[in-house]
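Read the structure below first, then the notes.
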Amino acid sequence: MSDSLGSIIPPAAEAERRDGNPKEAKDIQLLSGEFQQFEADNQSYRNERAQIENRKAKIEIAMMRLDLRMKNKFSKNVFSYLWFFSGFCGVILFLQGINPNFDIGIIVSNHKYLHVRMHGFKLSETALTTLIGSTAASAIGLVAIVLRGLFRSTIDDTSKKSSENKKD
């Protein structure tokens, strides 16, 4: 008999088993078989649980990699948007400053002729202020919201939890 099985068999039953009580010996044998089955089931459960935890860890790692790729992609897109917006505003300010005259003619085909003519580029001061000022503020606000959502830190989460606990 194993040491672990001996610890669960009462001393009186062990003495009876040694004295030759057949009924008690049969009970101990059944108990021993059940205990071995329990140990086998317990080991199987531990192995299955370890496999599930390994799969869970692999899935979490894959999700973190996907999250990093998405953050990288979106941060590049946000950065590109800011460059595009800044360039657009710069072009508008440049055109406003030099007040150009355009006269461009392009032959599209034998019968068609595309002609673009622009005599000066002038926006009113209100339109220019609205374009540059409010659009810049909304673009910067949009970028801040997107980046805060992408790169949410655990510090923000813990401060929110502590403020919610204070309200209760």
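The values are calculated or read from the model by the stated rules, or taken from the named source; none is laboratory data. Not measured: the values here are computed from a predicted model. Note that we place each Cβ from the backbone using ideal geometry, even for glycine, and neighbour counts take in every protein chain shown. Keep in mind that these areas ignore ligands, DNA and RNA; they rest on the heavy atoms of the full protein, side chains included. Shrake-Rupley method; radii C 1.70, N 1.55, O 1.52, S 1.80 Å.
Residues that are modelled with pLDDT under 80, touching a Leu at 6+ places or on another chain (Cβ under 9 Å) and not basic (Lys, Arg) occur at least once in the range 115-130. Considered as a group, the residues in the range 140-161 that are at pLDDT below 80, open to solvent by less than 50 Å² (accessible area, probe 1.4 Å) and small (Gly, Ala, Ser) include one that is farthest from residue 74 (Cα to Cα), and that residue is 153.
What do you reckon, is residue 97 among the small types (Gly, Ala, Ser), within 30 Å of residue 76 (Cα to Cα) and either part of a helix (DSSP H, G or I) or at pLDDT 70 or above (or both)? Answer is no for this residue.
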